[in-house]
Every structure is written in C-alpha cells, then in structure tokens.
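Visitor: The structure's right below; bear with me while I get my questions together.
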Amino acid sequence: MLFDLPDETRELQRTVRDFAAGEVAPVAEELDRTKAFPYEIVRKMGELGWMGIPFPEEHGGAGGSTLQYAIAVEELSRVDSSVAITMCAHTSLGTQPIHLFGSPEQKERYLPDLCAGRRLGAFGLTEPEAGSDAGNVRTRAVLDGGQWVIDGAKQFITNAGTEISGHVAITARTGEREISNLIVERGTPGYEQGAPYRKMGWNASDTRPLSFDGCRVGEDALLGPRGQGFKQFLHILDIGRIGVAAMGVGLAQGALDQALAYARERQAFGQAISKFQAIQGKLADMATEIEAARLLTYKAAWLKDEGRPFTLTAAQAKLKTGRLAVRCSEEAVQIHGGYGYIEEYPVCRFYRDAKILTIGEGTDEVQQMVIARALGA
C-alpha cells in the first residue's frame, strides 16, 4: 500500500491551496455577507482547468482522476465552502451525467463549455415529495409531436440560476413506472428559476427552486436510454458523495487550522491557551479524526478510479466527514470563545456551513441505510 500522492497530484494540491489562500480567503467573508456569487473566482478556476478535472481531454477536461478532483475540493473547502460546492455540484452533478450517459452529440455540445467553466451544470432531483425518498418523483415528461413536455418542480438546486448557468439535468416520470433523465437548457420557455433561498450557510452558492410548466425540449434531450433514470441518478449520487466527503474533510481541516492558529496567539492566565491540556485535547482529537476521514475519502476516490465498487466506501466517507465537519467547526468556535460567535472570524462561517454536509447528497440516515444494506443487514 502506498500513501504518497503522485507528484502531479501533489502539485495540484499545492496549487489549489495557494489559490484558495491568495484568491478566495481575502473575499470569502464579503461573499458570504453579501450573498454574492463568486463569478470571478469561478472564471479563474475554469481557466486553470479545475472545473473539468476528472473528464477526458478530448471533451475539454483536464484528464485527471477522481482523487485529484477530491483533493481540489478539499483544499477549496479549507477556506470557503460556497466556492467548493459550486465546483463540486457542477462537476459531480452537472457534468457527470452528460459524461457518463450522454450521446456523442450531447457530449460534443455541452462538455467543452462545462469543463472550461464557461457554463455551469446543475442536477434536478429533489422535489417536495422526493428527497430521501428519491424515487418518488412527481415531475412528468410526456412525448408530444417529437418533443418532451415537462411539468413539475424541483427544489434545493445548486448552480441553476447564475448568469453562466447552462443546463439542468432533471429526473422525470416518462411513464407510469418509468423515470428518465432529461437535459433542459436555461432560457427554454416554460422553465423558470425561482428566487434564491435564504440559507443558514453556503451563502455565496446559488441554490433555488425550479419550475416546469409546459416546458418543451427535443426528443434528443433524453439522457441515456429511456427508463434508466433511477439507476443513473443512484450512480451519480454515489459519485457526488465522494465530492461532498472531500468538502467535509476540507472544512474540518480549515476549522482545525483556524483553531490552532488562534490558540497559539490567544493569551490567558499568562500563556497561550494552546498550552492548556483541555485545548490540546480538542486539537489532538480533531487532527486524529480528520486524518482518518481523509484516508477514507481518498480510498473511495481511489476505488472509483480503479473501476472497483465504491458505493459502500463513498457512503461511509460521506457519513463520517459530515459529522466530523460539524464537530470540528463547533470545537473551533469553542476554542475561539466569544470571538467564535463573531462573523469576522472564519470559524463562525464554517460552523454555519458545516450542517448541510449531514443533509445534502443523502442525509446521514440515508447513508446508514446504504451502508447497512451493503453489509447485508
């Protein structure tokens, strides 16, 4: 077993880390406070090739690995989760469906702009009655004169309402017992993006409801074979959990970074609080749990890259890292004391951003179901 990262991957890690510190960190608090989408940062990440890391070069991607993608997400999340989820949702949910299930024509049409970050991709699965019960899709698509007519609604959708949003791949019932995926481009008549949600965290990320009222798309908007949508989105969610797990590792590491730096500087009773055993215990536990979670996440990414089953490991990683992000951000706030409750300190934002990691891409309870089933329970 080798635990050293390849030189190319380590160089990417250093580059993203420097970018996050130099380009993202100085504006993260303002983006969060003003709820402003990070257009300039996304543009730069696109130019650097990071919006298409795991996709083939022939379609404009970087030709990288899932592990490289996960590490890039981790490094961004150490500084700001809104930027990280923008790239994460775009890659795992917006671009992966077309890469995996799209026709040659669909790949040629969409992937170059997606991989370059000129357009953002989105995935529309969640509905009022289809969250954890993902198969309970109510949105419907009916063939009429060579076009699909779509009626329904989606909620909690990331990346669909920005100025550079391109398409959303949605799940819809195309028959009584049949779910398919369809590509709907922004600007299609009958497809509307609602107002952005007011959220606890991820304030600089675009999240909003979508509605479809007599929305017509061509018959060629079908993504993969008709009726394969349920199987397709389960596979997409498995992949997405690797990215979200990487976000959990990154946020937890960022919380530790901030807590350690503060503990070294903060003086109490005549010495830095990092000298107190109670603080040292918190820092030691955080560092140990983060390393365990990182290895689990990297293993899930490695398994996918090796073409081996990764559903179980991805679910375990997502369950572990989401809970860890919440715990580490809470401990970081506690170490900061009253300052941890003040918005100017990053740990306050980290604490708000962490909770969604136990909900999005499948709740903790769903991950426990996936894990238990894989164990044969």
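Visitor: Is there a residue in segment 193-203 that is under 20 Å from GLN147 (Cα atoms) and among the hydrophobic types (A, V, I, L, M, F, W, C)? Lay out the reasoning, then the answer.
Guide: Step one: of segment 193-203, the residues under 20 Å from GLN147 (Cα atoms) are none.
No: zero hits.
Visitor: I'd like to verify a number: residues in segment 95-107 that are free of Cβ contacts under 8 Å to residues at least 60 places away in the same chain and in contact with a Gly (Cβ under 9 Å, 6 or more places away or on another chain), how many? First the steps, then the outcome.
Guide: Step one: list which residues in segment 95-107 are free of Cβ contacts under 8 Å to residues at least 60 places away in the same chain, which gives 95, 99, 104, 107.
Now narrow it down to the ones that are in contact with a Gly (Cβ under 9 Å, 6 or more places away or on another chain): 95, 99.
Count: 2.
Visitor: Could you list, in sequence order, the residues of segment 181-196 that are farther than 19 Å from TYR110 by Cα and either surrounded by 18 or more Cβ atoms within 10 Å (Cβ to Cβ) or touching a Pro at 6+ places or on another chain (Cβ under 7 Å) (or both)? Working first, answer last.
Guide: The first filter runs over segment 181-196 and keeps only residues farther than 19 Å from TYR110 by Cα, leaving 189-190, 192-196.
The answer is GLN193, GLY194.
Visitor: Further, regarding this structure: More than 19 Å from GLN96 (Cα to Cα) and outside any strand (DSSP E or B): does that describe THR174? I'd like the intermediate steps shown before the answer.
Guide: Details: more than 19 Å from GLN96 (Cα to Cα): yes; outside any strand (DSSP E or B): no.
So THR174 does not fit the description; no.
Visitor: While we're looking at this one, here's another question. Would you be able to tell me the number of residues in segment 323-339 that are among the polar types (S, T, N, Q) and crowded, with 24+ Cβ neighbours inside 10 Å?
Guide: Here is the first cut: in segment 323-339, the ones among the polar types (S, T, N, Q) are 329, 334.
Now narrow it down to the ones that are crowded, with 24+ Cβ neighbours inside 10 Å: 329.
Final tally of qualifying residues: 1.
Visitor: In segment 136-179, which residue that is in contact with a Lys or Arg (Cβ under 7 Å, 6 or more places away or on another chain) and without any contact (Cβ under 8 Å) to a residue 40 or more places away in the chain is surrounded by the fewest Cβ atoms within 10 Å (Cβ to Cβ)?
Guide: Among those residues, the one meeting the criterion is ARG140.
Visitor: Suppose we filter LEU31, LEU48 for residues that are over 24 Å from ALA300 (Cα atoms) and either at pLDDT below 95 or touching a Ser or Thr at 6+ places or on another chain (Cβ under 7 Å) (or both); which single one remains?
Guide: Numbers: LEU48 fails: either at pLDDT below 95 or touching a Ser or Thr at 6+ places or on another chain (Cβ under 7 Å) (or both).
After ruling out the rest, the residue left standing is LEU31.
Visitor: Taking the residues in segment 258-267 that are in contact with a helix residue (DSSP H, G or I) (Cβ under 8 Å, 6 or more places away or on another chain) and not in a loop (DSSP other than H, G, I, E, B) as candidates, determine which candidate is farthest from GLU75 (Cα to Cα). Please lay out each step first, then the result.
Guide: As a first pass, look at segment 258-267 and keep what is in contact with a helix residue (DSSP H, G or I) (Cβ under 8 Å, 6 or more places away or on another chain): 258-260, 262-264, 266-267.
From the residues that got through so far, the ones that are not in a loop (DSSP other than H, G, I, E, B) too are 258-260, 262-264, 267.
Numbers: GLN258: 14, ALA259: 17, LEU260: 17, TYR262: 20, ALA263: 22, ARG264: 23, GLN267: 30 Å.
Out of the qualifying residues, it is GLN267.
Visitor: For segment 109-129, check the following and say yes or no: at least one residue is part of a loop (DSSP other than H, G, I, E, B), without any contact (Cβ under 8 Å) to a residue 24 or more places away in the chain, farther than 30 Å from ILE342 by Cα and not assigned by TED's automatic domain parsing to the domain that holds THR15.
Guide: Yes, some residue in segment 109-129 is part of a loop (DSSP other than H, G, I, E, B), without any contact (Cβ under 8 Å) to a residue 24 or more places away in the chain, farther than 30 Å from ILE342 by Cα and not assigned by TED's automatic domain parsing to the domain that holds THR15.
Visitor: Pairs needed: first member in segment 223-245, within 21 Å of TYR298 (Cα to Cα); second member anywhere, of a type in the set (Val, Ile, Thr); C-beta distance under 6 Å; at least 6 residues apart or different chains.
Guide: The qualifying pairs are ASP238/THR311; GLY243/VAL73; ALA245/THR297; ALA245/THR321.
Visitor: Here's something else I'd like to know. Specify which of the listed residues (PHE276, PHE310) is in contact with a helix residue (DSSP H, G or I) (Cβ under 8 Å, 6 or more places away or on another chain) and aromatic (Phe, Trp, Tyr).
Guide: Numbers: PHE276 fails: in contact with a helix residue (DSSP H, G or I) (Cβ under 8 Å, 6 or more places away or on another chain).
From the options PHE276, PHE310, the qualifying one is PHE310.
Visitor: Counting only residues that are within 24 Å of ASP113 (Cα to Cα), more than 23 Å from the chain's Cα centre (by Cα) and surrounded by 14 or more Cβ atoms within 10 Å (Cβ to Cβ), how many does segment 197-219 have?
Guide: The number of residues fulfilling the criteria is 3.
Visitor: Follow-up question, since we're still on this one. List every residue pair whose Cβ atoms sit under 7 Å apart, with the two residues 6 or more apart in sequence or on different chains, where the first one lies in segment 276-295 and is at pLDDT 95 or above and the second, anywhere, is among the β-branched types (Val, Ile, Thr).
Guide: From residues that are at pLDDT 95 or above, the pairs are ILE279/ILE273; ILE279/ILE335; LYS282/ILE335; ILE290/VAL249; ALA293/VAL249; ALA293/THR321; ARG294/VAL249.
Visitor: Then there's this: Name the residue, out of SER103, SER65, SER82, that is surrounded by fewer than 24 Cβ atoms within 10 Å (Cβ to Cβ), closer than 21 Å to ARG241 by Cα and hydroxyl-bearing (Ser, Thr, Tyr).
Guide: On the way: SER103 fails: closer than 21 Å to ARG241 by Cα; SER82 fails: surrounded by fewer than 24 Cβ atoms within 10 Å (Cβ to Cβ).
Of SER103, SER65, SER82, the one residue that is surrounded by fewer than 24 Cβ atoms within 10 Å (Cβ to Cβ), closer than 21 Å to ARG241 by Cα and hydroxyl-bearing (Ser, Thr, Tyr) is SER65.
Here's the yes/no breakdown for (1) surrounded by 22 or more Cβ atoms within 10 Å (Cβ to Cβ); (2) out of contact with any Phe, Trp or Tyr (no Cβ under 8 Å at 6 or more places or on another chain); (3) aromatic (Phe, Trp, Tyr):
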| site | (1), (2), (3) |
| --- | --- |
| TYR341 | no, yes, yes |
| ARG349 | yes, yes, no |
| ALA354 | yes, yes, no |
| ILE371 | no, yes, no |
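Visitor: Moving on. Which of the residues spanning segment 297-316 are crowded, with 20+ Cβ neighbours inside 10 Å and within 20 Å of GLN68 (Cβ to Cβ)?
Guide: Result: THR297, TYR298, ALA300, ALA301, LYS304, PHE310, THR313, ALA314.
Visitor: Take the residues in segment 326-377 that are in contact with a Lys or Arg (Cβ under 6 Å, 6 or more places away or on another chain) and charged (D, E, K, R); name whichever of them is modelled with the highest pLDDT.
Guide: Here the residue is GLU331.
The values are calculated or read from the model by the stated rules, or taken from the named source; none is laboratory data. The shown structure was predicted, so the numbers you read here are calculated from the model rather than taken from an experiment. Ideal geometry is used to build each Cβ from the backbone, glycine not excepted, and the neighbour counts take in all protein chains shown.
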